[in-house]
Each structure stands twice: as structure tokens, then as C-alpha cells.
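Structure first, commentary second.
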Amino acid sequence: METSMYTRSLPVILLSLVAVGASRAPVARRVADDRAGFVTLLGRDTIALESFTLSASRLEGDIVLRVPGTVFFHYVINLESDGTVSRSVLDLKPLGVPNMATRRTTLDFVGDSVRVDLDSAGVPRRLTVAAKKGAVPLLTTGFGASLGIYTSFGMYELLLSHLPIHASDTAKVVTVGALSGAVSTKPFLRPSATQVEVDFFRIAWMHVKLDENGHVVSADAIETTEKTRTMRTDFIDVPAAANQYAGRDRAGHGLGLASPDTLVRTKLGPANIILEFGRPSKRNREILGNVVPYDKVWRTGANAASALSSDRELTIGGKTIPAGSHTLWTLPKRDGVDLIVNRQVGQWGTDYDPSRDLVRIPMTVSTAAAPQEQFAITITGSGSSGELHIQWDTFVWSVPVTVK
């Protein structure tokens, strides 16, 4: 068996401008100074820190993101006397990620448009996007498969301080991607005075808890693909922390990719088989019933849809699987699990289409003697017969595989 790792590691930074539809007048922005920090965890691991200071005329903050390596952000947002944004400057500095360029994004808010100046490694570019008066910058950042792993909560403080939604209310926020200029809408729901639901790429909701003054207290993204939790803290010296994390990267002790993409080549009898899947880690989390919910089709890994390719026809659990490529999904239940082989390939792991199912196959469930930190899919055996195993934490799901 040969195992190789490959990563889709193109950096992606989304800097969006948000403005609420003019169905009602904006409420007044808080004028009291606001100063705090945020710690974001993925399981046991701290993946991001942020600190910010918000006054009547300025929002300034620092962020360090640790996935796949240390990246430092500094932002400054200037505010008019009425609380609207006049200018935003974001600086990105890679400290522990090779082959990533420094960059600066400057946004100048003029009337119903925003001038966007992008400077990547000294190469400038300018564009103008339409955005209603009152737009607010919002940073959602991530790299490779972890596209939305962190959103600036300092910027959420600014946004929520004048977002005109009240208890039991809903607002759709206009978003303009500063890199692409693409316009879309971002729904916000407010089921109560202290709870805001934030849309996550039309996939799920991040649950944001507020205190009685409207400050962000915590954020729970466990229902999203990122599975993070954020807590408000006292102000943090983020630049000092960023330097420490970059030192860990240089020493080979950084966090690396959240869920590395894995390609496994194996041979079963005359068949050449390739398994491709994202490999999340346990990170001291409860997996079954939490990270992997019951009674809901699971992507069975991370990132792009997990795939099985074979140059020979296979029999899996007594069901015929034609030669070629298919995606693998599972339906975990409290009393068992079904393997789903789907005809669609090349899609993201959240784009499951049940109409393309080829077969559903019951798997055997067993318990490992010790927890396995990283998720894995393997095929083992001798001759033309073997087993497909899906294993993570203490669960082991298996099903017989033979080559026709």
C-alpha cells in the first residue's frame, strides 16, 4: 500500500462589505469604548486569537490564525460621527506559511460605492464595488479547504452594534466580496435579544450569544463544517502570541492543516483502487453523536466528498459496484451504520445528492481498543477478497470487498 498526502492550499481571504437593506432605519451605534479578546478552539486546539478596541471613531484589531500555519492580521476601521465606516485597512502577514505573500486591502467608502485597493507583494490592483451607505467591513478568513474557519468577531461587534434586527427579527445583509466583487446576501436571524444566528455559506448557522449590552460573548459553529467554538476573554497580546506560534511552526510543532487531504493507493487482487478523503482529527472531542451526528448523512471525512476509484468491478457487502469512480457517504445510526455509494463525483462534501445513490449497504460496527486520533478509510485483504474499514475515535465500521 502506498500513501501520499496532497493539499489544496491556495490561500483564500474573503473581505466583504455588509449593508442592511433599507427596510428600516439603522439603530444608533454604541458609543462606549469596547475592548476585548476572543479565543477560538477546534476541539482542544486553539486555532485563532483576536483582540480589538472599538471607540466612537475607530475599530482596531489583531488576529492570529494558526491553520495551516501562523498568519497575522491587523485591521483599522475609521468611523464617521454617525457610526458609518469611512475607511478600512487590513494587513496580512504570513509568519509560518511558506510561499504566501503579504497583502494589504484598503477600502474607501464614498456614497453608495466602495473603492477597493489591493496590494499583494507590492503588486497593486484597484476596483470599485456598489455598496449602500452604511456598509461595514467583515473579514472571514481561511486557507485551502478551511475557507471559513475564522470570522473577525471585532468586526461582528461593529456590525451587530447597528444591525437593525431585534428579538424575533430577521435581516438579509448585502455582501460584496472585495477580492471578486461578487454581490450576495448574508442572512442574520435573531431568535431572542441575546442570540443571533449567522449564516455559514448557506450550509448551516453559527450561533452567536450576546450579553445585555449587545457584546459578543461566545460563538458556536459546531453545526457548520468548521466545528469551532469561540469565547470572549480579556484583551490579548495577539502580536506576541503570533510570534510564539510562528516559532512553533519553524520547530515543526505547528497545527498544520485542519483536515489534510489524503490519497491512498492499494491493490486488491487484480484491481487497482484509490481512496481519496479529508482526514480530520479527534482533538479531544466526542465524535459519534456530536461531530458526527446520528440519523444524518455524513460526508465521511472532510473537505471534498470522499471517493473510491477502481479499474475493476467490485462487490461491496454483496452489492455490485461498477469499475470507475464513486463517492462514499455514511448514515450513522444508534443501532448501526449504512455505507452509501453515490454516482456523483468531484463535488464538495456538503453537496450530497440522494438521487444519485447507487446502493446503501449495512456495515459491521465494532469498537477499537484505543481511540484513533485521525479519521481514515482503508482497504485490507489478500488475493481478491478484503474489507473496507472506516475508523475514527473508537468506532470501526467494516464491510467485505471482493474483486469480480
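The values are calculated or read from the model by the stated rules, or taken from the named source; none is laboratory data. The model shown is predicted, which means the values in this text are computed figures rather than measured ones. Cβ sites come from the backbone with ideal geometry, for glycine too, and all protein chains shown count toward neighbours. Side chains included, ligands, DNA and RNA excluded: accessible areas come from the protein's heavy atoms. Shrake-Rupley method; radii C 1.70, N 1.55, O 1.52, S 1.80 Å.
General observations
- Among A221, A251, A171: highest mean-square fluctuation, GNM of the chain, C-alpha pairs under 10 Å: A251
- For the stretch 211-252, the pair-distance distribution built from all alpha carbon pairs, in bins 10 Å wide starting at 0, is 22, 29, 39, 9, 1 percent.
- With the simple spin-label model, which puts each label point 7 Å out from Cα in the Cβ direction, the E373 to R360 separation comes to 3.6 nm.
- Note on the stretch 39-78: Cα Rg divided by 2.2 N^0.38 Å, N the number of residues, gives 1.36.
- Between R58, R35, R356, the residue with the greatest mean-square fluctuation in the GNM of the chain (Cα pairs under 10 Å linked by springs) is R356.
- In degrees, nearest ten, helix 153-162 long axis to first principal axis of the chain (Cα): 50
- For the stretch 333-345, 3J(HN,Hα) per residue [Karplus equation, 6.51 cos²θ - 1.76 cosθ + 1.60, θ = phi - 60°, Hz, x = Gly/Pro]: 10, 5, 10, x, 7, 10, 8, 10, 9, 10, 6, 6, 9
- Phi to ³J(HN,Hα) by Karplus 6.51 cos²θ - 1.76 cosθ + 1.60 over the stretch 370-383, Hz, x for Gly, Pro: 9, x, 9, 5, 9, 4, 8, 10, 9, 10, 10, x, 9, x
- Solvent-accessible surface of the stretch 282-380, averaged per residue with a 1.4 angstrom probe and all protein chains in place: 45 square angstrom.
- Of all the options S385, S325, S218, the one that moves most in a Gaussian network model of the chain with Cα springs shorter than 10 angstrom is S385.
- A Stokes-Einstein calculation at 25 °C with viscosity 0.890 mPa s, built on the Kirkwood radius of the stretch 190-294 over Cα pairs, returns a diffusion coefficient of 139 µm²/s.
- Stretch in the chain that is longest and holds no chymotrypsin sites (Phe, Trp or Tyr not before Pro) that DSSP places in a loop and that have at most 11 other beta carbons within 10 Å: 7-234
- Efficiency of FRET between T315 and A251 - r from beta-carbon atoms, R0 45 angstrom, step 0.05: 0.40
- Net lengthening on full extension, T185/E197 (0.36 nm per residue, minus Cα-Cα): 2.9 nm
- For the chain, the 222 nm mean residue ellipticity estimated from helices alone, with every DSSP H stretch of n ≥ 4 adding -39500 (n - 2.57) and the total spread over all residues, rounds to -1500 deg cm²/dmol.
- For the chain, carbon and sulfur atoms together expose 51% of the accessible surface, with a 1.4 angstrom probe and every protein chain in place.
- Viscosity 1.306 mPa s, 10 °C: Kirkwood-radius Stokes-Einstein D of the stretch 313-393 over Cα pairs, µm²/s: 112
- Euclidean distance of C-alpha centroids, the stretch 197-270 and the stretch 90-154, integer Å: 19
- Normalised size of the stretch 81-160, defined as Cα radius of gyration per 2.2 N^0.38 Å with N residues, equals 1.21.
- For the chain, the average shadow cast by the Cα convex hull is 21.2 nm², which is a quarter of the hull's surface.
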